[in-house]
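Working notes, beginning with the structure itself.
The values are calculated or read from the model by the stated rules, or taken from the named source; none is laboratory data. Computed from a prediction, not measured in an experiment: that's the story for all the values here. Glycine gets a Cβ as well: all are built from the backbone with ideal geometry, and neighbour counts include every protein chain shown. Surface accessibility is based on the protein's heavy atoms, side chains included, excluding ligands, DNA and RNA. Shrake-Rupley method; radii C 1.70, N 1.55, O 1.52, S 1.80 Å.
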Amino acid sequence: MSEIAKDQKAKIFFDGENGIEMELDCTVDKIFEDRLELIYPNDAEPLKQYLEEGTPIDVKVFTPSGLMVFESMVINSPDEDEFVIEYVEDAVVIQRRDYSRSPLKTKLTLELSKEVFIASTIDISGGGIKFCSKEELEPEQVVRGKLFLRNFDTPASFEAVILDNPSLQPDEYTLAFTNIDEKERDKIIKTCFAIDMQNRQKQNAEQ
């Protein structure tokens with residue numbers, strides 16, 4: 001629990017009308033062993049109806065060491081005196097500044113010198129992508145790209161640089177993001193989080 005402290009920003013994600021994903025910026029107020037009390041923003045009154053007791057939510061807390069992301073649920077709705085959510089320590093995945101990588105095979109389009117070609121990812125993270133491409137690329141080349149992720153209507157757009165990585169197999173490359181909107185990066189981090197949670201649940205089921 002030491003990663004989380006009072007006054008840190010906590011972004012919560014939940015389903016709104018017609019299942020459309022909503023997000024809300026709160027602030028950590030009090031920290032307990034199994035729950036967090038958040039300060040609900042005064043200008044978000046209409047969203048309270050979607051945060052009843054027992055509502056499943058995803059939470060992202062901005063800590064000094066990086067992003068702490070975990071699944072949660074509403075314990076006390078914001079319509080009550082205190083807005084309280086569940087915190088389960090062993091369900092936490094910390095995305096630090098170097099970001100954890102998650103295996104994923106999905107479509108990736110890259111634009112280089114006005115030519116657009118299709119590649120396939122090997123793994124992804126909030127900081128970059130490892131991918132496979134028949135197009136020959138050189139270290140330090142700058143590319144624009146779109147990463148197609150399941151559960152998102154639009155791909156995550158970015159600018160990146162091709163890295164020098166002699167340990168890769170033929171046709172394998174890595175890139176590091178040099179310009180990416182944080183909302184686009186959030187799509188990638190949330191996908192990594194979902195993959196990690198699925199893998200953890202699979203491991204637990206096999207034990």
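Within the stretch 69-112, the residues that satisfy the criterion of being under 26 Å from E37 (Cα atoms), at pLDDT 80 or above, open to solvent by less than 40 Å² (accessible area, probe 1.4 Å) and part of a loop (DSSP other than H, G, I, E, B) are S77, P78, Y87. Restricted to the stretch 1-31, and to residues there that are open to solvent by 90 Å² or more (accessible area, probe 1.4 Å) and assigned to a loop (DSSP other than H, G, I, E, B), the residue that is nearest to V88 (Cα to Cα) is S2. Just so you know, in the stretch 130-148 the residues that are in contact (Cβ under 8 Å) with a residue 12 or more places away in the chain, in a loop (DSSP other than H, G, I, E, B) and over 14 Å from L163 (Cβ atoms) include one that is most open to solvent (accessible area, probe 1.4 Å), and it is K134.
Do you know which residues across the stretch 55-67 are of a type in the set (G, A, S) and surrounded by 13 or more Cβ atoms within 10 Å (Cβ to Cβ)? Reasoning before the result, please.
Initial filter on the stretch 55-67 (of a type in the set (G, A, S)): 65-66.
Passing the criteria: only G66.
All conditions but one from (1) under 24 Å from K11 (Cβ atoms); (2) modelled with pLDDT of 90 or more; (3) not small (G, A, S) apply to K183; the one that does not is (2). Restricting attention to the stretch 151-207 and to residues that are part of a helix (DSSP H, G or I) and hydrophobic (A, V, I, L, M, F, W, C), the residue that is surrounded by the fewest Cβ atoms within 10 Å (Cβ to Cβ) turns out to be A205.
Mind checking which residues of the stretch 45-54 are surrounded by fewer than 16 Cβ atoms within 10 Å (Cβ to Cβ) and either of a type in the set (S, T, Y) or within 25 Å of A194 (Cβ to Cβ) (or both)? Write out each step before concluding.
Start the filter on the stretch 45-54 by keeping residues that are surrounded by fewer than 16 Cβ atoms within 10 Å (Cβ to Cβ), which leaves 45-46, 48-49, 52-54.
Those that are surrounded by fewer than 16 Cβ atoms within 10 Å (Cβ to Cβ) and either of a type in the set (S, T, Y) or within 25 Å of A194 (Cβ to Cβ) (or both): E52, E53, G54.
Output the residue which, of all residues in the stretch 32-44 that are assigned to a helix (DSSP H, G or I) and open to solvent by 30 Å² or more (accessible area, probe 1.4 Å), is farthest from D79 (Cα to Cα).
Of all residues in the stretch 32-44, those assigned to a helix (DSSP H, G or I) come to 42-44.
Narrowing the set further to residues that are open to solvent by 30 Å² or more (accessible area, probe 1.4 Å) leaves 42-43.
Numbers: N42: 12, D43: 14 Å.
Filtering first and then ranking leaves D43.
Residue-level check: of (1) more than 30 Å from D25 (Cα to Cα); (2) open to solvent by 20 Å² or more (accessible area, probe 1.4 Å); (3) not acidic (D, E), T121 misses just (2).
Yes or no, residue by residue, for (1) closer than 30 Å to M22 by Cα; (2) touching an Asp or Glu at 6+ places or on another chain (Cβ under 7 Å):
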position: F131; (1), (2): no, no
position: E140; (1), (2): no, no
position: V143; (1), (2): no, yes
position: L149; (1), (2): yes, no
position: E159; (1), (2): yes, no
position: N179; (1), (2): yes, yes
position: K183; (1), (2): yes, no
position: K202; (1), (2): yes, no
